[in-house]
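Inspection log for the structure reproduced underneath, given as structure tokens.
Derivation of every value follows stated rules applied to the coordinates shown; laboratory data play no part. No experiment lies behind these values; they were computed from the predicted model shown. With ideal geometry, Cβ positions are generated from the backbone for all residues, glycine too; neighbour counts draw on all protein chains shown.
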Amino acid sequence: MTTATHAAAPTVGDQGPDHLLAIAERVAGWASPGEEIEVYVARGDETDIRAYAGEVESLTSATSAGIGVRVVADHRLGFAWAGSLDESVLGETLAEARDNATFATPDEHVQLAVPDGVAAVDIELWDEQLASVPTTRKVELALALEAQARRADPRIRQVDHADYGDGSVEMALVSTTGIRSSSRKTSGYISVGVIAGDGDASQTAGGFSVGRGFDGLDPDKATDDAVTRAVRLLGATKGPSGRQTVVFDRRVATMVLSVVSTALSGEAVAKGRSFFAGRIGELVGDPVLTLVDDPTDPRAYGAAAYDAEGLACRRNVLIDGGVLRGFLYDTVSASRSGVASTGSAVRGGFSGTPAPGCRALTLAPGLEGFDENGVLAAVGEGLFVQSMTGVHSGVNPISGDFSVGAEGLMIRDGRLAEPVREITVASTLQRMLQSLAVVGADVEWLPGIAAGQTLAVDDMQISGI
Amino acid sequence: MIETPVVERVLSAALQHGGDFAEVFAEDRSTSSAMLDDGRVEELSSGRERGAGIRVVSGETTGFAHTADLTEDGLLRAAEAASAVARSGAGGTRTVGVGSLTERDGAFDSDAPGPRDAGSKGDTLSLLRRADEAARSSGDSISQVQAACGSSRRQVLIANSDGLLVGDQQARTRFTVSCVATGDTGMQTGYESAARTLGFEMFDEVSVEELAEMAAKRALSKLAARPAPSGELPVVLAGGSGGILFHEACGHGLEADHILKDASVYTGMVGQQVASPLVTLVDDGTISSEWGTFGVDDEGRPAQRNVLIDQGVLTDYLWDYLRSRKEGRVSSGNGRRQTYQHLPMVRMTNTFLLPGEEDADEIVAQTPRGVYVAKLGGGQVNTTTGDFVFGTTEAYLIEGGKLTEPLRDANLIGNGPEILKRIDAVATDFAMTPGTCGKDGQSVPVGCGQATMRLTGVTIGGTAE
């Protein structure tokens, strides 16, 4: 292998969306007659700091950049990517995508997005201040978080990790079919994991705070959350088996919604991989269930002006009063289904290709007063799940089978009671939607693709002793 | 990839502000993947990524920076960023020299076509079509098939201030088949994969038809499945069903990073009986062509075989450079990272239980009632509490010493140290399974293995009362 010689990469700061747009436009300009090209270009900076035992355990600073090219010729799609924006790499990536296209099966639905006239919302996701925060302040925050967690409660015997992280990403998308979009986004987070001990027993929990930048990250919230959760699990025993109403903590509920969203993908539906297929207009859940994906809400962690094919993101109602109303589509899955794209393409950076997916899923909030305590009071008796494991191994969005490991606290007389661990909670996603008893009004925008809201689901099977 | 004098200058620059250790990890990786879905070859994708990660260790602190720019200027900039953690002022000038380059022979035919060659792409298509056809011929109820083939070539160069300079080449190929079967009871899924540290010569020993038929059989058998039981029952795990039990129940808990933070139930237990005497657990990165195999780990240390538990007695943990240095010992060859953009940490390679002496069929025959797990999916563990889950993807009820009805997917939950003591039978029919292990945001290929074995009691998280 030889290393291509090339000019030194430009230093951080002299690039921006305009520079990326120029690169994308140039590559798209190399299209041959009879082919369509889409060029996605992105670059990002990140800082990650981990504190441990009063010192910086690690400090990572990094810049990355890359390109992803899709070529459609004769209804065949080819894709290639490279983790570099060097001049020599651009042409090589296009050539590779072109070559890959010759191997695909021709498919009339394979096409690139075409502007659809929907205007993108003006949404500010860039924190100007972040770039000027010196690394020393970030280090101080991580160290302070660790120290705070260590002294928060005498039962905290270890702080497993205390992290600070931030990132900024700029991207541009240009196609020969008329797409031209660019966007940029910053993010910041702190996260702390603690171990509480009482005799031989240990329990763990984490807490975090996220934002668009450095300011506003809240170490008190992160610490309180982690410590409260770990300490209240001390003394947990394996809980009893039986049928119970289960209340999902907001952080757990967002995981449940994320799994449900897989079945709302127009691609999964078109390919017969969704239990929602063929059920538009039918009652698929309790009437309390109204589910919307709205990336135009700037409060959402996954907020975005443009989708991953350069179309405007928009509000899509998926389930309304328990009735299934729609699915999420990108251009190809929409064509396959005979509908228009819902502007819902997502992709995993420059090395991924677009597919339909949620960005900002939320349930219409329940009655006022249904915060966590309100929901617990309404439920009376049951199990409160504060953390869930094995979602990837025990929840199948095609069959709907749902079986997860859980820890949490029993609910007695409408309040949290004794802690339990090493139990499973099981049902099917289909039944859970029908058995949705209470939706919290306590919407919290958590990292990920779905908001957190306390949820109560009736009649779930608990396996324990 | 980088000339030796450049490596030496970059290492010297990395220690310009002080520090105890500096390392350059350079990587050039080509990937290619193809997917057949819904009867069509939908996408061929190629990727290329190269760059270097530079690490500086100063006391308890690690500084890390990575760059896609492999010129001397680019590397020096990254070295400067990584060295920022060591601004003790006590550094002074230190000149680093490295030994002559040790090139490991890649464990594959390096003259064979790479993943991006036209011949390989053409071969891939025919493998995908054969798999699709074999799966669809397995039964009329097979309603959807997805087959994917991915391969990668990775060349690494690792140098550090202790004088190490080593190069290695790694080739990996993976083939997966996922099926959906549709019947009166809804949809069910089946999955099978093969993965080796080989190039396309893997297909000399792997039949894609067999993989496809196995995936189809799993989906079809579950159409008639009843809900899995809820509660504790004896469980027989088939040979090669996924040694993931050991990976989760104790492997992660034996990683020295968790141990040194007192965040593992196995801390301080070397020399103690932690498992049934039937358990001898080995982690071995040297097994020819297994998925978790490599020549040198991502810190330049040769792969080795490590006995972790010997007849139930804990003998050692898994170590990387940083953690072994703290303990004044040598690494066990378990320092791994996902790419040059990641810091190495302690990871498993191929982790397996040595076979026993019993007959697999006899173990089932001597189980009056229980669950037989033919295939496991993923799992997850909390190393601090030892609680873990693992999911079944093919399981049957055992009644009167015979397999009777198929069961729907469910998670099983247990506690590592408790489960290891409940192993009362191990057979001779050993087999390995490939998997992907995620830890702290990084994924690496691993192998898991075990023969048919019985656990006297595990909690099964089904919905049947």
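Overview of values
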quantity	calculated
Estimated inter-spin distance, A:Arg299 and A:Asp18, nm [label 7 Å along Cα→Cβ]	3.5
Rg [Å, one decimal], Dmax [Å, integer] - the protein assembly as shown, C-alpha atoms	26.8, 75
Cα centroid separation, the range A:29-87 to the range B:155-198 (Å)	22
Folded to 0 to 90 degrees: helix B:4-14 orientation relative to chain B principal axis, Cα	90
Neighbour cut-off at most 15 other Cβ (10 Å), DSSP loop, GluC sites (Glu not before Pro), the range B:287-393	B:Glu327, B:Glu357
Average other protein chain Cβ within 10 Å of Cβ, residues B:367-380	2
Cβ neighbours within 10 Å from other chains - mean over A:80-90	4
Sparsely packed GluC sites (Glu not before Pro) within the range A:106-195, loop by DSSP, other Cβ within 10 Å at most 13	A:Glu108, A:Glu124, A:Glu128
For chain A: rounded, prolate or oblate by the Cα gyration tensor [a/c cutoff 1.5]	oblate
Number of partner chain Cβ atoms within 10 Å, mean per residue of A:352-361	1
For chain B, calculated [θ]222 nm from helices alone, where every DSSP H run of n ≥ 4 adds -39500 (n - 2.57)	-5000 deg cm²/dmol
The range A:337-465 - Kirkwood radius from inverse mean 1/r over Cα pairs (Å)	16.6
Set of lysines with alpha-carbon distance to A:Lys138 below 21 Å, sequence-local pairs under 8 removed	A:Lys185, A:Lys221
In chain B, lysine pairs closer than 19 Å at Cα, eight or more apart or cross-chain	6
Chain A: angle of helix A:219-232 to the longest principal axis, Cα-based, in degrees nearest 10	50
Cβ-Cβ FRET estimate between B:Thr185 and B:Asp440, R0 fixed at 30 Å, reported to 0.05	0.15
Helix axis angle, B:118-136 relative to chain B longest principal axis, alpha carbon, degrees	20
Positive-end residue, the range A:17-232 charge dipole about Cα centroid, Cβ charges, pick of A:Val110, A:Ala196, A:Gly216	A:Ala196
